[in-house]
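J.: Once you've had a glance at the structure underneath, I'll fire off some questions.
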């Protein structure tokens, strides 16, 4: 009964918080695209489609951030009316309030995990196609990768100046391959499908360059593509595709762990917000807590991304969650 009471205090602010963050992020999207939309004469239907396709990306941020807002705002009302103080005086342990909030945080993290794994990548791919049609017309470039390097254990190093994803296969341009025997292959263009890299070109061996026509064994278990409307080149890859890309692309390894860490972030943000809210004595501090927790997580999240540029361990993606988890445990320990 106590758990349901606490959740009732939190769920309405949570809905308000999610809607608030969705509105802010949508407004930011429209303002950043305003020049393109006006110059291309985009209609209401085209704009609505862009906003709809972008919604899962917006929700991936709004779901965990709205949770921090909701928990601290909901608990601040209990503090303001001295309900927490009365409950503690009656012998109700803080864990009785913390447990339902942890369950809510876990539920939010699981929902966001599915969103990040499947819904958001597919919606962003549709967003890229809609934005590509708006910018370039039908059949315009979308998801094209440039200067791609793939290092495969036991197969060598594969490089392409340009990779154009197509249905059922990928077109390669300016390709170079160095296999495990040291042979160097080159061609102007080729095809990448389930069989591997197929092309007509040359191979440089000990005796000199020779004509080559055939297939090198690098099958496409994923669609190599880059998001047109995102700064993250892996945003439009599902979690399964990202796992396959991580086996051959160094940058994808960090992106894979970042995707999982972002989903877990909802739980750790909710945990630390709940532990902080239950330890406050003045309701006014709750609003400052919202700002500090969100800002602090963003700083750590950005710092982890900067470390990824220096090819450090992809496990640094979990840095914000690790530090917030330690903070939450310390705050929960004080509630004993």
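J.: When residue 52 is evaluated against the numbered criteria (1) within 22 Å of residue 320 (Cβ to Cβ); (2) modelled with pLDDT of 90 or more; (3) out of contact with any helix residue (DSSP H, G or I) (no Cβ under 6 Å at 6 or more places or on another chain), which criterion, by number, is the only one it fails?
T.: (1)
J.: All but one of (1) over 27 Å from the mean Cα position of the chain (by Cα); (2) over 18 Å from residue 211 (Cβ atoms) hold for residue 170; state the number of the condition that does not hold.
T.: Against the list (1) over 27 Å from the mean Cα position of the chain (by Cα); (2) over 18 Å from residue 211 (Cβ atoms), residue 170 comes up short only on (1).
J.: Which residues, taken from the stretch 182-198, are surrounded by fewer than 16 Cβ atoms within 10 Å (Cβ to Cβ) and on the phi > 0 side of the Ramachandran plot?
T.: 182
J.: Right, another one. Looking only at the stretch 284-310, which residues are more than 17 Å from the chain's Cα centre (by Cα), surrounded by fewer than 19 Cβ atoms within 10 Å (Cβ to Cβ) and either touching a residue at least 24 places away in the same chain (Cβ under 8 Å) or part of a helix (DSSP H, G or I) (or both)?
T.: Matches in the stretch 284-310: 284, 285, 287, 288, 291, 292, 295, 296.
J.: Same structure again: Kindly indicate whether any position in the stretch 80-94 is within 14 Å of residue 64 (Cβ to Cβ) and either surrounded by fewer than 17 Cβ atoms within 10 Å (Cβ to Cβ) or modelled with pLDDT of 75 or more (or both).
T.: Checked against the condition, which is being within 14 Å of residue 64 (Cβ to Cβ) and either surrounded by fewer than 17 Cβ atoms within 10 Å (Cβ to Cβ) or modelled with pLDDT of 75 or more (or both), the stretch 80-94 yields no hits at all.
J.: Residue pairs, Cβ under 9 Å, 6 or more apart or interchain, first in the stretch 156-175 and not assigned by TED's automatic domain parsing to the domain that holds residue 215, second modelled with pLDDT of 85 or more. List them.
T.: none
The values are calculated or read from the model by the stated rules, or taken from the named source; none is laboratory data. Predicted, not measured: the structure shown is a model, and the values here were computed from it. Virtual Cβ from ideal backbone geometry, glycine too; neighbours counted across all protein chains shown.
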